[in-house]
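First the structure, in the form of structure tokens, and then the observations on it.
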Amino acid sequence: MSMRDAVAAFVHDGDTVCLEGFTHLIPTAAGHEIIRQRRRDLTVVRMTADIVVDQMLAGGCVKRLVSSFVGNSSAGSLGELRRRIERADPEPLEFEEYSHHGMVCRYQAGAQRLPFLPLRSYAGSDLPGVNPALRKVTSPYPGPDGEPEQIYVVPPVNPDVTFIHAQRADRLGNTQIWGLTGVQAEAVYAAKRAVVVVEEIVDDEVIRADPNRTVVPAHAVDAVVHCPRGAHPSFAQGYYDRDNAFYRSWSHISKDAERLRAWLDEWVYGTRDHAEYAAKLAEHFRDNLAVGEALSGQVDYGRRL
């Protein structure tokens with residue numbers, strides 16, 4: 001599908017939408033298309049809410065955010081998100097906060113269709129005081145001291161649709177990722193529908209030649225979108241580097257609400273699709289974000305004689 005068709009088909013007002021990718025392969029282009037199509041009242045689930053969430057907030061798409069880490073990826077702050085949470089400006093944001101590991105466990109529970117998943121890491125934390133979804137249950141097994149144990153659990157998350165970005169897929173949706181991986185597979189399996197956005201679509205033989213890199217198999221995918229450079233300003237290992245200059249500039253852009261909306265007008269509403277967005281940055285990609293070759297070698301899987 002085109003990105004326009006995928007968003008039109010799978011994202012509806014009021015939906016729960018997951019955009020997943022941990023520092024690497026962030027589905028920015030998907031977020032931009034959701035803004036272009038002016039979706040409203042979304043619950044956005046993202047383990048590390050960053051620039052794309054800030055942009056979707058400024059686009060008026062997000063009513064509720066479910067996340068852990070919130071920030072501009074070690075390069076500053078998120079101006080629109082801070083205005084919403086700190087001053088309810090221009091309107092309040094519902095924010096359901098977890099730890100990183102808590103979000104991972106929510107995806108795992110959702111992917112396995114479990115009612116909850118236990119974890120120990122909330123002991124001594126202040127998070128249960130601000131998030132009533134963090135609850136304790138009595139373990140059916142003795143604790144380390146042999147006594148009954150109270151343990152924290154998190155609920156599953158089952159988005160209406162998950163978007164992930166990846167390096168490549170075949171036309172059936174067998175999707176390969178290398179480099180830094182996050183919880184893309186779990187986020188796909190947890191969702192009712194899944195859209196994979198890729199740098200390139202390759203022949204079946206390419207996927208079959210390197211099967212262990214297939215993180216998401218075709219049967220879990222509802223649509224494949226070919227969208228080169230669709231993770232900018234994050235990076236796609238082997239395709240382009242992280243745009244650190246953009247991350248640094250975002251704090252200044254988003255700090256000023258009028259400047260942020262002007263940025264959206266030019267770079268999102270003012271572009272027909274991500275191809276136009278990327279074309280505006282073509283020289284920047286070539287001169288500043290290009291990467292050299294670093295082959296990983298070959299593996300002999302063997303074959304039956």
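The values are calculated or read from the model by the stated rules, or taken from the named source; none is laboratory data. Keep in mind it's a predicted model, so treat the numbers as computed, not measured. Cβ atoms come from the backbone with ideal geometry, glycine included; neighbour counts cover every protein chain shown. Surface accessibility is based on the protein's heavy atoms, side chains included, excluding ligands, DNA and RNA. Shrake-Rupley method; radii C 1.70, N 1.55, O 1.52, S 1.80 Å.
Summary of computed values
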item	result
Of all residues in the range 213-226 being of a type in the set (A, V, I, L, M, F, W, C) and within 18 Å of Gly179 (Cβ to Cβ), the one that is most open to solvent (accessible area, probe 1.4 Å)	Val215
Failed item, numbered, when Asp126 is tested on (1) open to solvent by 60 Å² or more (accessible area, probe 1.4 Å); (2) more than 26 Å from Gln150 (Cβ to Cβ); (3) not hydrophobic (A, V, I, L, M, F, W, C)	(2)
Some residue of the range 101-112 being assigned to a loop (DSSP other than H, G, I, E, B), crowded, with 19+ Cβ neighbours inside 10 Å and touching a helix residue (DSSP H, G or I) at 6+ places or on another chain (Cβ under 9 Å)	no
Odd one out for Arg229, checked against (1) in contact with a strand residue (DSSP E or B) (Cβ under 8 Å, 6 or more places away or on another chain); (2) not in a loop (DSSP other than H, G, I, E, B)	(2)
Out of Asp210, Asp243, sole residue that is open to solvent by less than 40 Å² (accessible area, probe 1.4 Å), at pLDDT below 95 and not polar (S, T, N, Q)	Asp210
Check on Ala185, within 30 Å of Pro156 (Cβ to Cβ) and part of a loop (DSSP other than H, G, I, E, B)	no
Number of positions in the range 54-111 that are within 16 Å of the chain's Cα centre (by Cα), closer than 16 Å to Asp256 by Cα and at pLDDT 95 or above	4
Tabulated pairs, the range 29-52, first of a type in the set (D, E, K, R), second part of a helix (DSSP H, G or I) and open to solvent by 10 Å² or more (accessible area, probe 1.4 Å), C-beta under 6 angstrom, 6+ apart or interchain	Glu33/Met3
Answer residue from the range 137-191, given it is among the charged types (D, E, K, R) and at pLDDT below 95 and is least open to solvent (accessible area, probe 1.4 Å) among those	Glu149
Flag if Ser77 is of a type outside the set (D, E, K, R), in a loop (DSSP other than H, G, I, E, B), touching a His at 6+ places or on another chain (Cβ under 6 Å) and open to solvent by 30 Å² or more (accessible area, probe 1.4 Å)	no
Top-ranked residue in the range 267-305 [being aliphatic (A, V, I, L, M) and either in contact (Cβ under 8 Å) with a residue 60 or more places away in the chain or assigned to a loop (DSSP other than H, G, I, E, B) (or both); ranked as nearest to Ala58 (Cα to Cα)]	Val268
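So that you can scan it fast, the table gives a plain yes or no per residue for (1) in a loop (DSSP other than H, G, I, E, B); (2) not small (Gly, Ala, Ser):
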residue	(1), (2)
Tyr122	yes, yes
Ser125	yes, no
Val137	no, yes
Pro144	yes, yes
Phe163	no, yes
